[in-house]
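Take a look at the structure set out below.
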Amino acid sequence: MLRDLSRTGARELIATAVRVSPSLRQGLLLTGVLALFAGAGRIIAPLTIQRSIDSGLVPRTVIPAVVIGAAAVVVAGTASLLLNRRLQSRIEQALAGLRRAGLRRVHEMAASTADRIPSADLVSRLTSDVDQVTTFLQGGGIQFLTNTAQLLIATGLLFVYNWRLALPVLVLTGLLLVAMAGMQKLIARRYARARQDLSRMQTAVAESVLGAAVIRSTGTGERARAKLDEAVDRARDSLVSTLVPLHGNTSLGEIAISTMTVAVLLGGVWWGITGDPSLTAGQVVAMVLLVTFFVRPLQFLVQSLGEAQNALTGWRRALELVTTESATVADGVTLPPGPVGVTVENVSARYPDGPIVLHDVTLRIEPGEHVAIVGRTGSGKSTFAKLLTRGLVPAEGSIYLNGELLERLAGLSLAGRVVIVPQEPFLFTGTIGDNIKLGAPGASDETVLGVIDRLGLHEWYGTLSQGLDTPTGMRGERLSVGERQLVALARTALADPDLVVFDEATSGIDPATDLAVQRALAVLTRDRTTVSIAHRMITAETADRVLVFADGRIVQSGHHSELVHEPGPYAGLALASAEGQP
Amino acid sequence: MVAGAWAIGWSTDHLVIPALSGHHVGAGVWWLSAAFILGISALRWSTIFIRGIATGHVQYRAQAETRRAVVRRYLDLDLGWHRRRSPGQLLAHAVSDVDALWSPMQFAYFAVGMVFMLLLALTELFFRELLLGLVGLALVVLVLTLNLLYQRLLAPRAREAQEARGVVGGIAHESIEGSPVVRSLGRADVEDARFAPGVDRLRAADVRMAAVSSVFDPLLELLPTAAVLVVLAAAAPRVADGSLSVGDLVGVVYLLITISIPLNVISRFLSMLPLSGAGQERVRSVLYSPDVVRFGSQRLATPVPLRVELRDVGAVRLEGVNLVLEPGTITVVMGAVGSGKTTLLDLAGGQHHPARGTVLFDGVDVRELARGAVPENVAVVSQSPFLFAESLRDNLSLSGGYSDEELWRALRVAAADDFVRELPDGLDTIVGERGATLSGGQRQRICLARAIVRRPRLLVLDDATSALDTRVERQVLDGLKDLVAEGGTTLLVATNRPATLTIADRVVQLRAGRIASLEESRAS
């Protein structure tokens, strides 16, 4: 499963973020200084005003005060500009890194983990979740920093002016913060639920996009719409449920600001009359202004907390993906080079939460041997293939490749050396050449053509309108399933693996091409350990050994010529196949 | 806010200055000061609260409505339109573009309220002193001009960012779908290299937006402070000669500073408009796309197998095809990969209209058929079996409301009854995303059963038994043969599996988009 950071505290989350994107740490001091300048510049105004009013607004003092104020404004503006540029480019850089690391992690995590997460969820962790951070930044996230600085400076000034008047302000702030913190927890909970419903809604949309053909051909648009409406409505309702606490929290600032103003105004006058006759009207007015300068950033911070929370949640979801354990075993053993021998000892397997589908299988496949696996659908042959390629972890027992325990092998040493060709090969948007070259990045066209030739696919190649540059369309949709399989075969041949697992890879290819592929496979399987999940007798006939699976067990094993004459399921399968020929 | 500034100005003149210069101030003034400030604030508090909730409601409801409309439109648009777009793109239109479209909503009412407030504040300034009014007016005009310029510069950058976001989404979606291949071949590097330019383009676009906003944001924010300084310098002589009270000046300063809040809100609202516009453009391109499936008004009523006639039909991979499927017959189409089998089946099954020529169902041009007439009569099983992440029962019946008995009968014909019975939850088993928990052969048989249970008058199978092993395939073929023999349906099959020929009445050989041969099968 993906790593769960939803219960991790903010500080630890930030530490994780910095660990993942170390560039965030650079120049932190300069950033802090810039923020202080930006905040300080914004507070010089009330100081200037106070000086002017106190000195009776004489031109002699007003002019220097205005000059100082103007300088402060220029400093604040310049500092804000630099701060903005700096932070945004830093953070955007970190986000770009996060996206790339996330995609890489999807490809490197255990297949059993990836299979259990809806792909729309993974996609949203690389796209819309990360976009939340950008949205926050562009919506004034930087002001978060300048406002914090302003808040600190304003607090300091309040105390310098008159600590007695600052005290009620602080007490009220304390109360405000306690109320906000409680409310914030509620908001966070509701937002978490909203994000979950949003992700569910995305999955529903994705399904109606991918299943559009089925929906259309069965005329069940109404049903698809109803399902979609339900998901959309739920997402909407859970978003709406965040509104009351969110705005309740936001508007608290208004109450706080007016209460503090009254406290300072009346308290200041009262203190001026009874306690400290040196307190001037200008000072009290400046204090009232300072309260504004104190509460306004506070209010801004609270207002942006919702958006900040969103951004943080988005960042967290991306981090969850990036910090999910890689299937690449650290310090793993490298698979020794050369043809791979496979030893399977007492292996049982089950899908998550399902019954046992493979019982206590033990066998040995010699390096370079070609083993065909036959059996009825549901006999466990595909499960067996998944075990060999780490698509599934054995529930019991162990699998060894060249004597090394499969789960201890470094993932990178397996990649390209142990390859599965699935039933429905996936092609990327691009050309046929691009897709084949995935087997060996950087391969030249000549090499690719050589492989095509070797596989006996030159006839098919001749039918392609643009040769290697023939476009495949979205997910290979421009090609038939058969053509997609041919491309996958060429891709595998180019990768030149040491252990190949073919899972019904030759179904759907027309007879002429099929024969050619069978011939090519014979060439390809030489010096290469091959496990074919076979449905054609021809595949079983050409294999060194045939394993017959039934109900999750190996029930027969031997060469085709022996098994045909042996009483048992194999003879039945061979007979059924012979009948199928016209 | 204007009232708030007035209350503070009033308190300064009537309470702070007299009291601190030694005059006696009555208790009533104290109470009035407090009541003014708190009362006005309470009023503001309730409007902020109610406005926030109301706009939120409107925004989320509008988003949901538009989202629904977009996805509903997807279901109406034809196959060609869908093939030209990636699922990632379609997902982005329905999710992030719709979000962007309505995002300014949260500030819309607020911004309108703020414009009203600005006008009030300006009037107030002019009323106090012509000069102060002019400074205020200059400030507002300057801020709005800057905003206009800001928008001009931001709009193309925002569009670029939104486009880059679409590209990133598309690649991420495809790459994640293909991750089994990538994992098996160990090509995370290749995928990273493919992803990197898109990600970098998005980063650059976002930074370019930031470059603009980092100039304008502080400028807009600090202008009010600059205005305060100007007011101070200009008004000081008038206070000194007594034509302006200190309280008036304080009120003006306070007003200018508080003006920055509405100006900020207005500029935030304006800054969201370009993104929203870009989102709207995309959403409109879906909602107003003309490529919807068109329907006529004819319906088909006869409960016997369908007669299909193709007259000189042509399409992208097909040329001059003439073919008649007689009711209750089995026609098998064979041909090399890329010979046009799928195209022929799509046309004969009424899934697509031909570019040239006509397809007739019981003598009626398919183009003339009413909405829903094709699904009522034809069932199609395609090359790639698609299942929804729901229970098997829901996947089979969809909105059909079939009895368990009917479902089991269809499963039996599709030779899927055995394995479904053995599943721990039987028909109520939830299959994973796109049926991931089933094997390819099992998925194909469920899709076949889904077609059979609808009792179609024409059943079209496009290589739909490719993942079955020979014995199961035999069972399926026998079941189909019986189904046709009972007079249930006309059957059209494309395949390369020779076993299928044993049930064929006619065999059509396709070569490079043309019928190469057409023979009555020896099997019948």
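None of the figures in this text is laboratory data; all of them are computed from the coordinates on show. As the structure is a computational prediction, the values presented were derived from the model and not from experiment. Note that we place each Cβ from the backbone using ideal geometry, even for glycine, and neighbour counts take in every protein chain shown.
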If N is the residue count of the range B:308-520, its Cα Rg over 2.2 N^0.38 Å rounds to 1.00
Once Lys and Arg are counted +1 and Asp and Glu -1 for all other residues with Cβ under 13 Å from that of B:Ser214, the total becomes +1
HN-Hα couplings for the range A:417-430 via Karplus (6.51, -1.76, 1.60; θ = phi - 60°), in whole Hz with x for Gly/Pro, come out as 9, 10, 10, 9, 9, x, 4, 10, x, 9, 10, 8, 4, x
In units of 2.2 N^0.38 Å, the Cα radius of gyration of the range A:424-496 is 0.95
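Do you know the relative contact order of the range B:308-520, to the nearest whole percent, from alpha carbon pairs under 8 angstrom that are 6+ apart?
32
What are the semi-axes of the equivalent ellipsoid of chain A, taken as the square roots of 5 times the eigenvalues of the Cα gyration tensor, listed largest first and rounded to whole Å? Walk me through the numbers before you get to the answer.
Working: eigenvalues 982, 118, 97 Å².
Working from the Cα gyration tensor, I get semi-axes of 70, 24, 22 Å.
So if I take the alpha carbon set of the range A:10-322, get Rg, then get Rh from the Kirkwood formula, what is the Rg over Rh ratio? Mind showing how you got there, number by number?
Values: Rg = 25.4 Å, Rh = 22.9 Å.
Expressed as Rg/Rh, it is 1.11.
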Expressed as a whole-number percentage, the relative contact order of chain A with C-alpha contacts under 8 angstrom and at least six residues apart is 15
Residue-ordered couplings for the range A:265-280, obtained by feeding phi - 60° into the Karplus form 6.51 cos²θ - 1.76 cosθ + 1.60 and rounding to whole Hz (Gly and Pro as x), are 4, 5, x, x, 5, 4, 5, x, 6, 9, x, 10, x, 7, 5, 9
Non-local residues with an amide H under 5 Å from the amide H of A:Ile420, with H modelled 1.01 Å from N and Pro and chain starts lacking one, are A:Val501
Dividing the helical contributions, -39500 (n - 2.57) per DSSP H run of n ≥ 4, by the residues of chain B yields a 222 nm value, nearest 500 deg cm²/dmol, of -20500 deg cm²/dmol
Taking only Cα atoms of chain B, the Rg to Rh ratio with Kirkwood Rh works out at 1.22
Per the 1/(1 + (r/R0)^6) rule, R0 = 45 Å and r from the Cβ atoms of B:Asp478 and A:Val393, FRET efficiency to 0.05 is 0.70
Note on the range A:424-496: contact order normalised by length, alpha-carbon pairs under 8 Å, 6 or more apart, percent, works out to 55
Taking Lys and Arg as +1 and Asp and Glu as -1, residues besides A:Ser199 with C-beta under 10 Å from its C-beta add up to +1
The long-range amide H neighbours of B:Ser521, using H built 1.01 Å from N in the peptide plane and a cut-off of under 5 Å, are B:Arg506, B:Val507
Rounded to the nearest 5, the percent of DSSP beta bridges in chain B running antiparallel is 50
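By the scheme Lys and Arg +1, Asp and Glu -1, what is the net charge of all other residues having a beta-carbon under 9 Å from that of B:Thr465?
0
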Taking only C-alpha positions in the protein assembly as shown, Rg and Dmax in angstrom work out to 36.5, 122
Listed by chain and number, the residues whose amide H is under 5 Å from that of A:Gln556, excluding neighbours fewer than 5 places away on the same chain and using placed H, are A:Val548
In order over the range B:347-362: 3J(HN,Hα) from phi, Karplus 6.51/-1.76/1.60, θ = phi - 60°, whole Hz, x for each Gly or Pro, gives 6, 5, x, x, 7, 9, 9, x, 5, 10, x, 10, 10, 10, 9, 6
The alpha-carbon center of the range A:227-283 and that of the range B:99-144 are separated, in whole Å, by 22
